[in-house]
Structures are given as structure tokens and as C-alpha cells.
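Engineer: Okay, handing you the structure first.
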Amino acid sequence: MMQVLKSDLVNVRGDRRVKEGDWNLLKDLEMNAGSSLGSTLFFELGINDTPAAWELTLPAFTPQDMIAIPNGATHYKITATGVGVDFDLGTRSVFSGGTGSVSILDPALSQTLTVDKTQLSGTHYVFVLSVEFVQLVNGVEYA
């Protein structure tokens with residue numbers, strides 16, 4: 001976000017604002033220093049960005065072959081999330097669509113995760129793909 005802040009060409013140093021910066025600098029940002037998306041998912045994602053929705057298409061795949069599954073994990077979740085931010089009002093909105101908890105033993109069918117942009121309000125938008133691993137023990141999920 002500091003790069004976005006520093007890319008503000010409208011305001012002078014000291015008065016720069018994130019909302020005036022280049023939000024394209026956030027493209028392909030990795031938010032987990034310990035494990036990148038490219039070293040976790042070994043399949044191509046289809047991305048379709050329209051005015052109404054941000055869609056991620058997941059192909060059919062076998063989790064044991066196409067996901068770097070950490071020791072002890074029994075399930076995974078893949079989630080597409082959209083965040084709308086209005087800096088002037090100090091508000092944000094969030095909308096997510098995901099796979100839910102899926103066993104690492106079950107083959108995954110092709111599916112599309114959709115973020116409905118009409119559910120987001122704000123002046124700036126960020127779209128994120130996340131992968132979460134869990135261990136299911138006696139019906140309880142542990143991250």
C-alpha cells in the first residue's frame with residue numbers, strides 16, 4: 001500500500017492519499033510471504049472481470065496432484081473475495097464466494113467462483129483469491 005500511496009501524483013509529499021494512487025500496483029500481490037499462490041495451486045485459473053462480476057473458473061483437478069497440501073490438512077477452501085472501499089466516507093463492503101470445505105481426497109469438479117460487484121459499494125475495489133487449509137477432527141475444523 002505504500003507503493004500505491006507514493007504513486008499519488010495529485011497531492012504533494014506528506015499529503016498523499018492512497019485513494020489517489022495507482023491501484024494497478026496491487027495486481028498479483030502475494031499476501032502470504034511463506035507460500036505464494038503459484039507454489040500452492042498447480043492449475044490455471046480462468047479470470048473473467050466484467051462490470052457486474054469478478055469470476056474465477058477452477059478446472060476439474062485431483063487435489064493431491066494439483067495442490068501443495070500441508071502435512072495434517074484434511075480439507076481445503078478456495079475463496080474469491082471482493083472488497084469495496086470508500087475513503088471519503090470511511091466505509092467498506094465485502095462479498096465472497098467459495099468452494100466451502102472440500103476433502104483433499106475428493107476429485108474437484110470444474111466450478112466458477114463469483115463475486116457479485118453489485119453487492120459492493122465504494123470508489124475503489126480489490127479482488128482476492130485465497131486458499132485455506134484445515135484439519136477436520138471430530139466435526140471441528142482447525143486452521
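The values are calculated or read from the model by the stated rules, or taken from the named source; none is laboratory data. Remember, predicted model here, so these are calculated numbers, not experimental data. Here Cβ is always computed from backbone atoms with ideal geometry, including for glycine, and neighbour counts include all displayed protein chains. Heavy atoms of the whole protein, side chains included, go into the accessibility calculation; ligands, DNA and RNA do not. Shrake-Rupley method; radii C 1.70, N 1.55, O 1.52, S 1.80 Å.
Engineer: Scan the range 72-92 residue by residue and report those that are in contact with a Ser or Thr (Cβ under 6 Å, 6 or more places away or on another chain) and either over 24 Å from Leu45 (Cβ atoms) or free of Cβ contacts under 8 Å to residues at least 24 places away in the same chain (or both).
Structural biologist: Within the range 72-92, Asp86 is the sole residue that qualifies.
Engineer: Quick check on the range 3-12: of everything there that is in a helix (DSSP H, G or I) and open to solvent by 90 Å² or more (accessible area, probe 1.4 Å), which residue is nearest to Val126 (Cα to Cα)?
Structural biologist: Gln3
Engineer: Moving on to the next point. Taking only the range 111-143 into account, find how many residues are outside any strand (DSSP E or B) and open to solvent by 50 Å² or more (accessible area, probe 1.4 Å).
Structural biologist: Residues in the range 111-143 being outside any strand (DSSP E or B) and open to solvent by 50 Å² or more (accessible area, probe 1.4 Å): 7 in total.
Engineer: Please find, within the range 13-29, the residue that is modelled with the highest pLDDT out of those that are more than 27 Å from the chain's Cα centre (by Cα) and either open to solvent by 100 Å² or more (accessible area, probe 1.4 Å) or of a type in the set (Asp, Glu) (or both).
Structural biologist: Asp15
Engineer: Gly34 versus (1) in a strand (DSSP E or B); (2) open to solvent by 50 Å² or more (accessible area, probe 1.4 Å): which is the lone unmet condition?
Structural biologist: So Gly34 meets the others, but not (1).
Engineer: Which residues, taken from the range 50-71, are free of Cβ contacts under 8 Å to residues at least 24 places away in the same chain and of a type in the set (D, E, K, R)?
Structural biologist: Selection gives Asp65 alone.
Engineer: Here is a follow-up. Please verify whether Ile78 is closer than 24 Å to Ala143 by Cα, open to solvent by less than 70 Å² (accessible area, probe 1.4 Å), assigned to a loop (DSSP other than H, G, I, E, B) and modelled with pLDDT of 95 or more, treating the condition exactly as stated.
Structural biologist: No.
Engineer: For Phe43, work out the one condition from (1) part of a strand (DSSP E or B); (2) open to solvent by less than 80 Å² (accessible area, probe 1.4 Å) it doesn't fulfil.
Structural biologist: (1)
Yes/no matrix, rows are residues, columns are (1) at pLDDT 95 or above; (2) in contact with a helix residue (DSSP H, G or I) (Cβ under 8 Å, 6 or more places away or on another chain); (3) closer than 28 Å to Asp88 by Cβ:
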| position | (1), (2), (3) |
| --- | --- |
| Asp106 | yes, yes, no |
| Leu109 | yes, no, no |
| Thr118 | yes, no, yes |
| Phe127 | yes, no, yes |
| Phe133 | yes, no, no |
| Val137 | yes, no, no |
| Tyr142 | yes, no, no |
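Engineer: Of the conditions (1) more than 29 Å from Thr123 (Cβ to Cβ); (2) surrounded by 12 or more Cβ atoms within 10 Å (Cβ to Cβ), Val85 clears all except one; give me its number.
Structural biologist: All conditions are met except number (1).
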